[in-house]
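Structure first, commentary second.
Laboratory data are not the source of any read-out in this text; all were calculated from the coordinates shown. Values in this document were obtained by computation on a predicted structure and should not be read as measured data. Ideal geometry is used to build each Cβ from the backbone, glycine not excepted, and the neighbour counts take in all protein chains shown.
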Amino acid sequence: MLTEILISLLVLLGALFMLVAALGVLRMPDLTMRLHATTKAGVLGVGLIMLGLVIYFMNLGVSARALAIVGFTMLTSPIAAHVMGRAGYVTGVPMWQHSIKDELKGRYHPHTHELASHAPPADAQAPHDGH
Amino acid sequence: MLEYTLMTAYAILSLALVLAFIRLVIGPSLPDRVVALELIASLMIGFIAIYTLSSKATAFLDVAMVLALTAFLAAVGFARLLEKGAHRDAD
């Protein structure tokens, strides 16, 4: 009975995290913010549901598979988010109008894909630099 | 009691799927749509896990494992297409 309550709690919590992720993807104003919502909450949701699954079955084979799924998700989700954020920046997807920090502005050439490590010239700096 | 929990979880995940699908349809740029696709893949993994709980057929977990890896490959492929192949919005 107690384990059933624990499993229910874990599964519901995981499902709710996934709902929060979907809500974030729908409501956030910006590509990077959407990535932020989907990646973290997606990983946490899958992890909690898999934990409930492991407690329910209490079986070595199932536990190994669930661990592999959680491990693969935790490995691949940040890489996929990084790659998508980079692709979005490179292709010129606009940021949110109230974003105040763009560290690559002036240091990245959109046509040659060159990155410069030196400080950008004064006219290329963002008006709200600092803070 | 667990049956009701699983039904509720199905309902919550279905609602999340609808929200992600709306973003997939209206997403202003291709990266937004790929992000929605990734989230849909995560939701599918959750669906499969909950179906495994309700059907007690553990073979479905292998499907979830393959899906977790395939979604990653899709995202990387789309990113490569965007960076190297497609036209730019800024031009």
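Relative contact order of region A:2-124: 24 percent, from C-alpha pairs under 8 Å at least 6 residues apart in sequence. Region A:56-102 and region B:24-85 have Cα centres lying 10 Å from one another.
All alpha carbon pair distances within region A:69-111 were sorted into 5 Å bins beginning at 0; the resulting P(r) in whole percents reads 5, 18, 20, 21, 14, 10, 9, 3, 0. Across region A:95-101, computed HN-Hα scalar couplings (Karplus, 6.51 cos²θ - 1.76 cosθ + 1.60, θ = phi - 60°) run 7, 4, 5, 9, 5, 10, 10 Hz from first to last residue, x flagging Gly and Pro. When only Cα pairs below 8 angstrom with a gap of at least 6 residues are kept, chain B shows a relative contact order of 25 percent. With a 10 Å cut-off around each Cβ of B:41-52, the average count of Cβ atoms from other chains is 6.
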